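Note sheet for the following structure.
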There are 2 protein chains.
Amino acid sequence: MTVHLERDLQQLKRSLLETSTLAEQAIRKATAALAHQDLELARSVVDGDAEIDRREIEVEEEALQILAIHQPVAIDLRFIAACLKINNDVERIADLAAKVAKRVLDLGGQVAEFPEIPRELLELGDLVINLLRRSLDAFSRGDVELAARVRLDDDQIDGLHRDVFFMLREQMKRDPELVEPASSLLSVSSSLERIADHVTNIAEDVIYMVGGAIVRHPGHGVRGADTTAS
Amino acid sequence: MTVHLERDLQQLKRSLLETSTLAEQAIRKATAALAHQDLELARSVVDGDAEIDRREIEVEEEALQILAIHQPVAIDLRFIAACLKINNDVERIADLAAKVAKRVLDLGGQVAEFPEIPRELLELGDLVINLLRRSLDAFSRGDVELAARVRLDDDQIDGLHRDVFFMLREQMKRDPELVEPASSLLSVSSSLERIADHVTNIAEDVIYMVGGAIVRHPGHGVRGADTTAS
């Protein structure tokens, strides 16, 4: 690997981690806005999404430039392919954080009294943030074992989301007054679950990036992806 | 461009279009299952998702192989980058089609009588299928104008989804018996809306692939992406 390529790959990694940190902050703020009924904080998340969109494009351009200029192969090529995909997931995570923030704004406008937030929903938010943090650490350090643990923890998320879903559905059945706030909270819960799916994708891309194994789609086994030039 | 590269790019395009056609069939079947209360058809969509997952991995491997072997630049590089991203979107579309099919199965089990499906929801399904078909045509022919029209039509989808959302929420408020089926139908509606988002991404990638302009994130204007080797 040339010194220039090494330098450019490090810069790409830094750019992607910076964007990821913004996305992580967005989801932290959005769930804090939900927990503390902080509409101003929610608004700042919605407003901040444009900056993350802009950076996503920059990271993609940076990755394509490196492909075009250095024409890397083998592990460097896998690293760039992984960056392109993780970049995509990070942007979607930020979009979903903005969506959560919008539902918090809806809740603020819908009812005289901000509804009680189910404990399980706040727990779900904390878990998702924790998973995202760990998947980004796994990317930053190229830590396959950590990435593998993140993948496994996604099941816990699905279980919590299901609990929240059934709980809110029962509330709606009991009291028609609760249909509006409960459907906003349902939307928050599914956005959090979708964020966790993107986080799982990131973990899978880290595993692929380091080991060359494609581990998506559980049940299909682990297959080696030989992308070295022949 | 060498003859080998040309041949491999054509093969990549064919593989991606084949997978896309399977995803399109999945969403067609899932919405038909909803309209005709056909639980067996719904089950076949859920079962068919594994095959699309498998093909997504194959297309990705094919694309990375071409990058590694031919080290293409400029428009060929953009074409491959677009294929990688479209491939990702196609796989998610198939996942969401399976999710719609699962909700149809839920509806079949939840209530003695299959609930009446709002006309707007069926319309939404038809529109999404039509948009997907057109975005794949735009990809197949490299038709930027068609891709641009697909992008604009996404607004119509968001409007329909909003109508369905409010309609179902009112049903739930009126009759607690309807909370269960209506929340399944809500989930169908948001899956369709998410599919439309992926379709919009595909259209944007076609525009980028042909013209080199990144048109994501409306409001940020159109920027040229120079990915040619300097």
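Some points to look at:
- When the stretch B:1-133 is described by a simple charge dipole with +1 on each Lys and Arg Cβ and -1 on each Asp and Glu Cβ, the residue from B:Thr31, B:Thr21, B:Leu84 located farthest towards its positive end is B:Leu84.
- Computed [θ] at 222 nm, deg cm²/dmol, chain B (DSSP H ≥ 4; -39,500 (n - 2.57); rounded to nearest 500): -30000 deg cm²/dmol
- Shortest-first nm distances, B:Thr2 label point to equivalent points in other copies (7 Å, Cα→Cβ): 2.0
- Teacher prompt: B:Gly159 distances to equivalent labels in other copies, 7 Å Cα→Cβ, nm: 4.5
- Neighbour-count ranking [beta-carbon atoms within 10 angstrom, fewest first] of B:Met209, A:Met172: B:Met209, A:Met172
- Selected from A:Ile75, A:Ala203, A:Leu96, residue furthest toward positive end of dipole (chain A; charges at beta carbon): A:Ile75
- Lys, Arg +1 and Asp, Glu -1 on Cβ, resulting dipole of the stretch A:3-224 about Cα centre, debye, nearest 20: 440 debye
- The C-alpha atoms of chain A define a longest principal axis, and helix A:119-141 lies at about 10 degrees to it.
- Each copy carries a label point for A:Leu17 at 7 Å from Cα toward Cβ; from one copy, the others' points are 4.3 nm away, ordered from shortest.
- In nm, spacing of pseudo-spin labels at B:Gln37 and B:Asp155 (7 Å Cα→C-beta vector): 3.9 nm
- Calculated on the alpha-carbon coordinates, the convex hull of the stretch A:68-154 measures out at 104 cubic angstrom per residue.
- Inter-site label distance for A:Leu17 and B:Leu17 at 7 Å from Cα along Cβ, in nm: 4.3 nm
- Cross-link pairs exceeding 31 Å in C-alpha to C-alpha distance, out of A:Lys99/B:Lys13; A:Lys85/B:Lys99; A:Lys102/B:Lys102; A:Lys99/B:Lys173; A:Lys13/B:Lys102; A:Lys85/B:Lys173, comprise A:Lys99/B:Lys13; A:Lys13/B:Lys102; A:Lys85/B:Lys173.
- Chain B, closest residue to the rotation axis toward A, by beta-carbon, whole angstrom: B:Gln71, 2
- Taking 0.36 nm per residue of sequence separation and removing the Cα-Cα distance, the A:Ile75/A:Val3 pair yields an extension gain of 24.4 nm.
- Angle of helix A:144-174 to the longest C-alpha principal axis of chain A, folded into 0 to 90 degrees and rounded to 10: 20°.
- Cubic angstrom per residue, convex hull over Cα atoms of the protein assembly as shown: 130 Å³
- Cα-based Rg of chain A normalised by 2.2 N^0.38 Å, two decimals: 1.12
A short reminder: the numbers here are calculations on the coordinates, not readings from a lab. Treat the numbers as computed from the prediction; the structure is a model and nothing was measured. Every residue, glycine among them, receives a Cβ derived from its backbone with ideal geometry; neighbour counts consider all protein chains shown.
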